[in-house]
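Readers should treat all values here as calculations from the given coordinates under stated rules, not as data from a laboratory. What you see is a predicted model, and the numbers here were worked out from it, not measured in a lab. Please note: Cβ atoms are built from the backbone with ideal geometry, for glycine as well, and neighbour counts cover all protein chains shown.
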């Protein structure tokens, strides 16, 4: 069966979902096993339409649940070929068992996660609860803030994940609706350039090498389990970041678009900084510029690579900052926010004298407004001036009712 | 399509070279292994295998050892069928793209217990069958969660004492009848479903070979007499299996294309169900006066099912 | 593979059945296979046994019932002949003895420590069926 190349304009107007679907088409995935769920559904639909129109040569397996989607991806990846899927929220939660299995089996699978809140109560809109749920699963997690980035990071994800020194699955996150359903200009690659960047899939320990039978998914008990988990952690800690940097560099050379493990905006001379992820980064960048007009040296740090956690890069980015805000878009449910904890963990043994305060925002798709961020930067400046946090350490912003603060 | 392996008789069959290895950790006398051997030895083609979490899986791939001489994968309890379906999809894709390392067509087989098939893995199997993957799902049906110590599954028959449906002072054990998986899988339109038992090896090999030749998802329910949970001596595995097939508690039949039912084994001398029950510790309590009526009910149920199967066969439906 | 450290094994806890390529395994018997150290064939469960089967070839008719019903791939048959029991992999379940149709049986269970030669010397006579 032949398949056709698709002619793209240099700049297409795509939303994040379609950008991801186009990237999946261009890397010529061998097997996509998928199940639709809002707001990632259009990725799966887009891919299905490419198949129906003859632009895809691989297998598309429309399974009966997200758990089966990842299970099918694991079987296909172990068999030996390029594999990807997409999901969100409840579907992601249903996949969790298999997320640990795929990473533990060291199978390169790319999962587009269109971030959405987790029930209950049920909610279809974007927050980072599902992204946070995946953070201990042993996957690489890349975060896109725009349709362009959703497109670009897919190529980077395949190239990193499939590298034989890495062999770890990779999620590409984007915010539900705010990115996934918002059309913007996306600079495209031709099909040839896109495929050549990622390259042909190189099998490893593949079940379909019939002359070299392999066993995948063994049992290890107290005598072996720790060593295997240690190996996986070691590889995440030591092998993945250099590979990501290498691929970021190659990507910049190809496209002129530069990605960083930790993104920094207006950080060179900043006194105060907001650390956040997803579409909030763009909002914060705009507000930071406005704050500078008011004399506050405001900067923004965006986490591009959430896992492995960019410990050293975070320390470097925040080393001269006086006052830091960690913005968590997921209910910590009885704890400080994840970013708050992880920034604190990174900075604790350094010379940083920065104050650190946590904010929980945007749950279930609630807007983070420029006004929220303006107030927030002013609080940071006050903290910087006082040399201590003047507010409670955890504040909820944008929620109705009496002001909600803890710690 | 590759040639069907010729197995005229047991002597000829015994020239097979097993692709399943010893020093696995299955109990002495476990029928799982006998079933696996008969399935694997029914073909000389390449195999891509999976196992759901369960006795077979935890006993054959405990690091740093594997007992499998063909590529094998385990993911979890519920998704062994989908694991093999994913591999089958990859084979199709790579074949189409001309990227197979060896241009051969392996058989795709998933093994799972009754718990992993009738209960927790039911949805995954249903999905695989609806989608029509070219694969065989083999249930190692020992009618209980044996790996975790004998809890009831939806394959556990009435009156069996399982750890979560124990017989006691006021209970005769499991209250629900065994789920009719063959009917359910036939209703998926599967080209071939069959109930087999390893003691009737020739019958079983025929069914497995029929299944391997079929295009699409094939369902095999293989009775696996469990020395540990059925509570009989390890050397009696085949004798107990004979009682099961010859009492018609475990009738052997096939359904072709979801429609045509054939009985594939008719015992020369039908054994009373009571003999089958009496040979196993899990039914011991049924022989107390208060529960003896259940033995009579068992016999009636078995007679009714046999009658039903015969009528369907006769009517060719 | 005994107790290797975390850096000394294949990622993903993957195991190989054989060393090097293994073609036509379905028609290659154990003695001609190049098993890897991680194939359980290289291990033994002999210490599971309390009783062991002893094979008396004088009475064997090569029916292969023991071969087909052995759960542990431990009945060694070559060229349609039963040639012995693989004592590394036999767990001593006794199925082979139960299914043996000859009279007297060609396989009998003995205590693990019992001497094979003595066992063969003590082999029972043909049983006459009482009607």
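May I ask you to list the residues in the range C:58-77 that are touching a helix residue (DSSP H, G or I) at 6+ places or on another chain (Cβ under 8 Å) and either more than 9 Å from chain B (Cβ to nearest Cβ) or over 25 Å from residue B:224 (Cα atoms) (or both)?
Within the range C:58-77, C:62, C:66 meet the criteria.
Restrict the check to the range C:105-121 and report whether at least one residue is closer than 25 Å to residue B:13 by Cα and in a loop (DSSP other than H, G, I, E, B).
Step one: filter the range C:105-121 for residues closer than 25 Å to residue B:13 by Cα, giving C:105-108.
Among the residues that remain, those that are also in a loop (DSSP other than H, G, I, E, B) are: C:105-106.
Checked against the condition, which is being closer than 25 Å to residue B:13 by Cα and in a loop (DSSP other than H, G, I, E, B), the range C:105-121 yields at least one hit.
What number of residues in the range C:108-131 are without any contact (Cβ under 8 Å) to a residue 24 or more places away in the chain and more than 19 Å from residue C:60 (Cα to Cα)?
So in the range C:108-131, the residues without any contact (Cβ under 8 Å) to a residue 24 or more places away in the chain come out as C:113, C:115, C:117-118, C:121-122, C:124-126, C:128-131.
Filter once more, so that each one left must be more than 19 Å from residue C:60 (Cα to Cα): C:113, C:115, C:129-131.
Count: 5.
May I ask you to verify whether residue A:200 is free of Cβ contacts under 8 Å to residues at least 40 places away in the same chain and farther than 30 Å from residue C:5 by Cα? Outline the logic, then answer.
Details: free of Cβ contacts under 8 Å to residues at least 40 places away in the same chain: yes; farther than 30 Å from residue C:5 by Cα: yes.
Here the answer is yes, as residue A:200 does meet what is asked.
What's the number of the only condition in (1) in contact with a strand residue (DSSP E or B) (Cβ under 8 Å, 6 or more places away or on another chain); (2) under 18 Å from residue B:145 (Cα atoms) that residue B:69 fails to meet?
(2)
Starting from residues that are buried (at least 24 other Cβ atoms within 10 Å of the Cβ) and assigned to a loop (DSSP other than H, G, I, E, B), keep the ones in the range B:29-41 and report whichever is nearest to the other protein chains (Cβ to nearest Cβ).
B:29
Which numbered condition in (1) touching a strand residue (DSSP E or B) at 6+ places or on another chain (Cβ under 6 Å); (2) within 7 Å of another protein chain (Cβ to nearest Cβ) is the only one that residue C:21 fails?
It is condition (1) that residue C:21 fails.
If a residue must be buried (at least 24 other Cβ atoms within 10 Å of the Cβ), more than 8 Å from chain B (Cβ to nearest Cβ) and under 22 Å from residue B:106 (Cα atoms), how many such residues does the range A:30-79 contain?
Qualifying residue count for the region: 1.
Can you confirm whether the range A:81-90 contains a residue that is surrounded by fewer than 24 Cβ atoms within 10 Å (Cβ to Cβ), facing chain B (nearest Cβ under 7 Å) and within 22 Å of residue A:116 (Cβ to Cβ)?
Within the range A:81-90, the first condition is being surrounded by fewer than 24 Cβ atoms within 10 Å (Cβ to Cβ), and the residues that meet it are A:90.
Now drop any that are not facing chain B (nearest Cβ under 7 Å), which leaves none.
No; the residues of the range A:81-90 include none that is surrounded by fewer than 24 Cβ atoms within 10 Å (Cβ to Cβ), facing chain B (nearest Cβ under 7 Å) and within 22 Å of residue A:116 (Cβ to Cβ).
If we keep just the residues of the range A:181-229 that are within 14 Å of chain B (Cβ to nearest Cβ) and assigned to a helix (DSSP H, G or I), which is surrounded by the fewest Cβ atoms within 10 Å (Cβ to Cβ)? Steps first, please.
First, the residues of the range A:181-229 that are within 14 Å of chain B (Cβ to nearest Cβ): A:195, A:199-229.
Checking which are assigned to a helix (DSSP H, G or I) leaves us with A:195, A:225-229.
Values: A:195: 17, A:225: 14, A:226: 12, A:227: 19, A:228: 19, A:229: 15.
Result: A:226.
Return the residues of the range B:4-24 that are surrounded by fewer than 22 Cβ atoms within 10 Å (Cβ to Cβ) and free of Cβ contacts under 8 Å to residues at least 12 places away in the same chain; say none if nothing qualifies.
B:6, B:8, B:9, B:11, B:12, B:15, B:17
Go through the range B:74-109 and give me each residue that's more than 7 Å from chain A (Cβ to nearest Cβ), in a helix (DSSP H, G or I), touching a residue at least 24 places away in the same chain (Cβ under 8 Å) and more than 18 Å from the chain's Cα centre (by Cα).
If the condition is that a residue be more than 7 Å from chain A (Cβ to nearest Cβ), in a helix (DSSP H, G or I), touching a residue at least 24 places away in the same chain (Cβ under 8 Å) and more than 18 Å from the chain's Cα centre (by Cα), then B:88 is the only one that fits.
Return only the number of the condition from (1) over 23 Å from residue A:243 (Cα atoms); (2) outside any helix (DSSP H, G or I) that residue A:172 does not satisfy.
Of everything listed in (1) over 23 Å from residue A:243 (Cα atoms); (2) outside any helix (DSSP H, G or I), residue A:172 misses just condition (1).
Search the range C:78-118 for residues being under 10 Å from the mean Cα position of the chain (by Cα) and over 22 Å from residue B:226 (Cβ atoms), and hand back the single one that is farthest from the other protein chains (Cβ to nearest Cβ).
C:84
Among the residues of the range B:58-73, which ones are closer than 25 Å to residue C:8 by Cβ, at the interface with chain A (Cβ under 8 Å from one of its Cβ atoms) and surrounded by 24 or more Cβ atoms within 10 Å (Cβ to Cβ)?
Matches in the range B:58-73: B:61, B:66, B:68, B:69, B:71, B:72, B:73.
Of C:37, C:26, C:46, which residue is over 11 Å from residue C:82 (Cα atoms) and either touching a strand residue (DSSP E or B) at 6+ places or on another chain (Cβ under 8 Å) or at the interface with another protein chain (Cβ under 7 Å from one of its Cβ atoms) (or both)?
Working: C:37 fails: either touching a strand residue (DSSP E or B) at 6+ places or on another chain (Cβ under 8 Å) or at the interface with another protein chain (Cβ under 7 Å from one of its Cβ atoms) (or both); C:46 fails: either touching a strand residue (DSSP E or B) at 6+ places or on another chain (Cβ under 8 Å) or at the interface with another protein chain (Cβ under 7 Å from one of its Cβ atoms) (or both).
Checking each option against the conditions leaves just C:26.
Could you give every pair whose Cβ atoms fall below 8 Å, whose first residue belongs to the range B:166-184 and is free of Cβ contacts under 8 Å to residues at least 12 places away in the same chain, and whose second residue is assigned to a loop (DSSP other than H, G, I, E, B) and surrounded by 14 or more Cβ atoms within 10 Å (Cβ to Cβ), counting only separations of at least 6 or pairs across chains?
B:166/B:173
Please indicate, with yes or no, whether at least one residue in the range B:242-253 is surrounded by fewer than 23 Cβ atoms within 10 Å (Cβ to Cβ), assigned to a helix (DSSP H, G or I) and without any contact (Cβ under 8 Å) to a residue 40 or more places away in the chain.
yes
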